[in-house]
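Encoded as structure tokens, the structure appears first; notes follow it.
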Amino acid sequence: MSATAKTSTAIFVVALALRLITLACVLPTLRADVDPDSYRSLARNLAEGKGFVAVAPNGRELPNVARTPAYPLFLAGLICVGGDRLGLFLVVQCALGALTCVLTFRIAARWLRPWLATLAGFLVAVDPNSILRCADLRTETLFTLLLVCAACLMVWRSDRGWGWFASGLVWSLAALTRPIAVWIWVMASVMVFVERVPWRNRIVYLAAFLAGFVPLIAVWATRNHAVTGRYLLSSISTYNLMFRAEAIEAEPQGRKVEDIEQEFQKQYGDIQFVESRERFEQSFEAYQTSAVQAFARSPRIAFKQALLGWGKLLFGPGAHALDNARNQAGPVARRWSLVYVLALVAVVSLSVLGAWRLGREAIVPVMLTLYFVGLASGPESNSRFRVPVTPLLAVLAAAGIREVERGK
């Protein structure tokens, strides 16, 4: 067995062991029927052949256009294999999380010495937030694996057309897991055009990426057009935009965002589910118009909330990560939370140094980090949204350690 294979195996075993031990501790505290964001309901209906439907807030079973199909299909496949069991879902997620740590090592090995690349893999393996989110029945663990897999292809096979095609295909799966990735083709365009190859090759690479990326996205957008009359990947971006607008309205009034959200949905409806095309179109336009007006009225509050969102995303300890899924909220270890926040500050600082050290070679991890951190800002941000960028930060932090070492 080669040294790379031995290191990959060691990282996988340690990461999987930590995740399974954590799962064994938290699983008894989780509600057996937990179903965040309707993912489990959608998966159950898909497994039963009912289609992409779930129970809306009004109690009716309706088509859902907020969620994308990859994660529900992933859960539906597990249901067909082993039944609708929370433990099964989370054990598989632990394995996916461990595999992400191995791919992080492989990305770092592109530029760094073996011990630093190994450190990058282990940083993700021991990251408390990444470990705990494997026990959360949401998209982050699967999405992060797809993100890191696509980044690995971009880093190691950027000189091959098939590498760009495969990367585009994986990114399309990532976008169908979390819609935030739908604009990743813009980042890919920039990455292609900084390659040190003839312009003809760059155009070929971008075409190959789009050939892999567009088809699956187009299929799902067509499905949503058939349901809503609009070509869209998901309505969640507009829904979240309205949530940010509601947060802007809530601050000067001293009210809870949830109260304003309930009032707005009572008046204009919920664009996560579709009762009819006409009703959805009216609601969708109301959401967009109200959000634009709120941002125009209070740009200062919007900017302040974006800064707070970035802070929570990068440095939030995630002490209440599983509270919504537990039978009873657990105690918060404040001392360990403080230690973790300080560690995150160190990692982010080293990441900046590592990005400077790698320079042009760091274009993939740097641009992807900026993309996801930038789009995930706002009052809804929390440590959950840090999971996808943690492997990228780990790679850059390892490079930063190398720069500190050289400076001594």
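The residues of segment 363-378 that are assigned to a helix (DSSP H, G or I) and in contact (Cβ under 8 Å) with a residue 40 or more places away in the chain, listed by number, are Ile363, Val364, Pro365, Met367, Leu368, Tyr371, Phe372, Val373, Leu375.
Every listed requirement among (1) within 30 Å of Gln328 (Cβ to Cβ); (2) outside any strand (DSSP E or B) is met by Thr4 save one, (1).
For Asn58, the criteria (1) touching a strand residue (DSSP E or B) at 6+ places or on another chain (Cβ under 9 Å); (2) surrounded by 20 or more Cβ atoms within 10 Å (Cβ to Cβ); (3) among the polar types (S, T, N, Q) hold in every case but one, which is (2). What is the number of the single condition among (1) modelled with pLDDT of 85 or more; (2) over 23 Å from Ala150 (Cβ atoms); (3) not in a helix (DSSP H, G or I) that Ser381 does not meet? So Ser381 meets the others, but not (2).
Quick one: is Ala95 crowded, with 20+ Cβ neighbours inside 10 Å and at pLDDT 95 or above? Criteria not met by Ala95. If you go through segment 30-57 and keep only what is in contact (Cβ under 8 Å) with a residue 40 or more places away in the chain and farther than 29 Å from Leu147 by Cβ, you end up with Ala32, Ala56, Pro57.
Just one of the listed residues (Trp356, Trp310, Trp336) is surrounded by fewer than 18 Cβ atoms within 10 Å (Cβ to Cβ) and either touching a strand residue (DSSP E or B) at 6+ places or on another chain (Cβ under 8 Å) or within 18 Å of Val126 (Cβ to Cβ) (or both), namely Trp336. When the test is whether a residue is in a loop (DSSP other than H, G, I, E, B) and of a type outside the set (Gly, Ala, Ser), Arg40 does not pass it.
Only residues that are in contact (Cβ under 8 Å) with a residue 12 or more places away in the chain, of a type outside the set (A, V, I, L, M) and out of contact with any Phe, Trp or Tyr (no Cβ under 9 Å at 6 or more places or on another chain) were counted in segment 250-266, giving 3.
Can you pull out every residue in segment 164-194 that is over 20 Å from the mean Cα position of the chain (by Cα) and free of Cβ contacts under 8 Å to residues at least 24 places away in the same chain? Passing the criteria: Ser189, Phe193.
Considering only segment 19-32, I want to know if a residue exists there that is in contact with a Lys or Arg (Cβ under 9 Å, 6 or more places away or on another chain) and modelled with pLDDT of 95 or more. No, there is no match, as no residue in segment 19-32 is in contact with a Lys or Arg (Cβ under 9 Å, 6 or more places away or on another chain) and modelled with pLDDT of 95 or more.
Please identify the pairs in which a residue from segment 215-236 that is at positive phi has its Cβ atom under 8 Å from the Cβ atom of a residue that is of a type in the set (Phe, Trp, Tyr) and part of a helix (DSSP H, G or I), counting only partners at least 6 apart or on another chain. Final answer for the pair search is Gly229/Phe280. Residues that are surrounded by fewer than 18 Cβ atoms within 10 Å (Cβ to Cβ) and hydrophobic (A, V, I, L, M, F, W, C) were ranked within segment 174-194; the one that is nearest to Thr139 (Cα to Cα) is Trp183. Checking each residue in segment 356-389 for being hydrophobic (A, V, I, L, M, F, W, C) and closer than 18 Å to Cys152 by Cβ picks out Leu358, Ala362, Ile363, Val364, Val366, Met367, Leu368, Phe372, Val387, Val389.
The values are calculated or read from the model by the stated rules, or taken from the named source; none is laboratory data. Only a predicted model underlies this, so the values are computations on that prediction, with no experimental measurement involved. Ideal geometry is used to build each Cβ from the backbone, glycine not excepted, and the neighbour counts take in all protein chains shown.
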